[in-house]
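Okay, structure first, notes after.
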Amino acid sequence: MDKIYFDNSATTRVDEKVLKAMLPYFTEFYGNASSLHSFGRDASVAMKDSRAMVANIINADASEIIFTAGGTESDNIAIRGVAEALKEKGNHIITSSIEHPAVLETCEHLEKSGFDVSYLPVDDKGSVSLEDLEDAICQRTTLVTIMHANNEVGTIQPIREIGRIAHENGALFHTDAVQTLGKLPIDVSKDNIDLLSISGHKLHGPKGIGALYIKDGTPIEPIIFGGGHERGLRSSTENIPGIVGLGKACEMAKNDLDKDIAYMTNLRDALISGITDRIPNVKLNGHPTDRLCNNVNMSFEAIEGEALILALDRTGIAASTGSACSSKKSKASHVLMAMGLTQIEAYGSLRLSLSRMNTMQEVDYTIDSLENIVSRLRAMSPLWKEE
């Protein structure tokens, strides 16, 4: 069998239709969108069309979308931009203990600048408590930033209720939807969202491009200065090929959303049941039902996750131990630790993340391979005691 890619939460393969849409903007329509001549106008029209495609998938207006370099930059602009714009009103921000580093480290930076940040705990399934949010929010709270679904364990947060609580207390609500776009329906109006982060390479678009939804009227300050591009909030010559690719990826994801969700859910459930049926002493991490359609995260007793990754790689299967942004850091997953796992359990975790490009044949092959690998590694492990 050819190589199997089960690390789609880290990045995805660019869809051929997306690539085809992008290519002319490298070689034929390569103008600067700010230029007045025909080359610039062609680029500007492409950007306008793509902005509408991105807006459509979340039920926003095109004027509420700004293009960025990716999800990390979108998170930074949203959090720092709102914090600065509303610092006279209050200096309190609420987030969760299992956010992506793009959110956590941004909040930690703001703490050094005099802001007060509350980090909500999660339960053993990775879910935020609405009661904890209500207890933490106060008159000084200007922003609540909670991810739509976790990138490591796939747990989906109750963002509609979180947004409602934020609004009832006079705060804005930002959500990092990098992992959920194309895998969950999103409606920024119904879901009470003021700001939402998007990344192109998580839904079969190109790397180096993202977007930030900013509800009309939301107070926000720029954190990047220059030529005043993107409503003055993201100065830099626009990445037109990337923008076209993001627009096309969003259009395809919107059109095939229900079909893709059903397909990936079937693969996910087959993978989970196959592993748990054939391999003893494994634990599913994250919520059993309120989880992303493409996410499988499991801990294997008496085995180190990195050993599993390397052994799988030798059989042609690409997987991960958690967040790709943290894969070179030796400490245990902050997400799994926040959920109450021990360090040993956290180090023994494996994340298999699927896409619409995967197949049931790949799932079956992976289950067979994992069963053999786990048996072999446990036979060498001093921690394993066969029952």
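Assorted remarks:
- The residue that is nearest to the chain's Cα centre (by Cα), counting only those in the range 340-359 that are farther than 15 Å from Ile317 by Cβ and not polar (S, T, N, Q), is Arg356.
- Taking the range 369-387 as the range and being assigned to a loop (DSSP other than H, G, I, E, B) and either surrounded by 12 or more Cβ atoms within 10 Å (Cβ to Cβ) or at pLDDT 90 or above (or both) as the test, the residues that pass are Ser381, Trp384.
The rows are residues; the columns are (1) closer than 21 Å to Thr180 by Cβ; (2) surrounded by fewer than 21 Cβ atoms within 10 Å (Cβ to Cβ); (3) acidic (Asp, Glu).
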site	(1), (2), (3)
Leu267	yes, no, no
Leu271	yes, no, no
Asp277	no, yes, yes
Asn281	no, yes, no
Gly286	yes, no, no
Leu292	yes, no, no
Val296	yes, no, no
Glu301	no, yes, yes
Ala307	no, yes, no
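- Flag for Thr366 being at pLDDT below 95, touching a strand residue (DSSP E or B) at 6+ places or on another chain (Cβ under 7 Å) and buried (at least 21 other Cβ atoms within 10 Å of the Cβ): no
- So Ala171, is it buried (at least 24 other Cβ atoms within 10 Å of the Cβ), under 21 Å from Ile93 (Cα atoms) and over 13 Å from the mean Cα position of the chain (by Cα): yes
- Strands (runs of 3 or more DSSP E) fully within the range 81-182 counting 1 or more residues that are within 25 Å of Leu203 (Cβ to Cβ) and at pLDDT 95 or above: 92-96, 141-145, 172-176
- Residues in the range 133-150 include at least one that is more than 23 Å from Leu292 (Cα to Cα), free of Cβ contacts under 8 Å to residues at least 24 places away in the same chain and more than 20 Å from the chain's Cα centre (by Cα).
- Identity of the residue in the range 9-25, hydroxyl-bearing (Ser, Thr, Tyr) and more than 16 Å from Met252 (Cβ to Cβ), that ends up surrounded by the fewest Cβ atoms within 10 Å (Cβ to Cβ): Thr11
- Residue-level check: of (1) among the charged types (D, E, K, R); (2) modelled with pLDDT of 95 or more; (3) more than 21 Å from Thr95 (Cα to Cα); (4) touching a strand residue (DSSP E or B) at 6+ places or on another chain (Cβ under 6 Å), Glu230 misses just (2).
- Selection of first residues in the range 248-270 that are aliphatic (A, V, I, L, M) and of second residues that are surrounded by fewer than 20 Cβ atoms within 10 Å (Cβ to Cβ) and outside any helix (DSSP H, G or I), restricted to Cβ pairs under 7 Å at least 6 apart or on distinct chains, gives the following pairs, ordered by first then second residue: Leu257/Pro185.
- Take the conditions (1) among the hydrophobic types (A, V, I, L, M, F, W, C); (2) outside the structural domain of Glu362 (by TED's automatic domain parsing); (3) surrounded by fewer than 17 Cβ atoms within 10 Å (Cβ to Cβ); (4) closer than 23 Å to Arg13 by Cα; Ala249 misses just one of them, which is (3).
- Tally of residues being part of a helix (DSSP H, G or I) and either surrounded by fewer than 21 Cβ atoms within 10 Å (Cβ to Cβ) or touching a Pro at 6+ places or on another chain (Cβ under 8 Å) (or both) across the range 26-68: 17
- Any hit, the range 103-110, residues being out of contact with any strand residue (DSSP E or B) (no Cβ under 8 Å at 6 or more places or on another chain) and either within 18 Å of His167 (Cβ to Cβ) or of a type in the set (Val, Ile, Thr) (or both): yes
The values are calculated or read from the model by the stated rules, or taken from the named source; none is laboratory data. Just so we're clear, the structure is a prediction, and the values are computed from it rather than from any experiment. Reconstructed Cβ throughout: ideal geometry from the backbone, glycine too, with neighbour counts over all protein chains shown.
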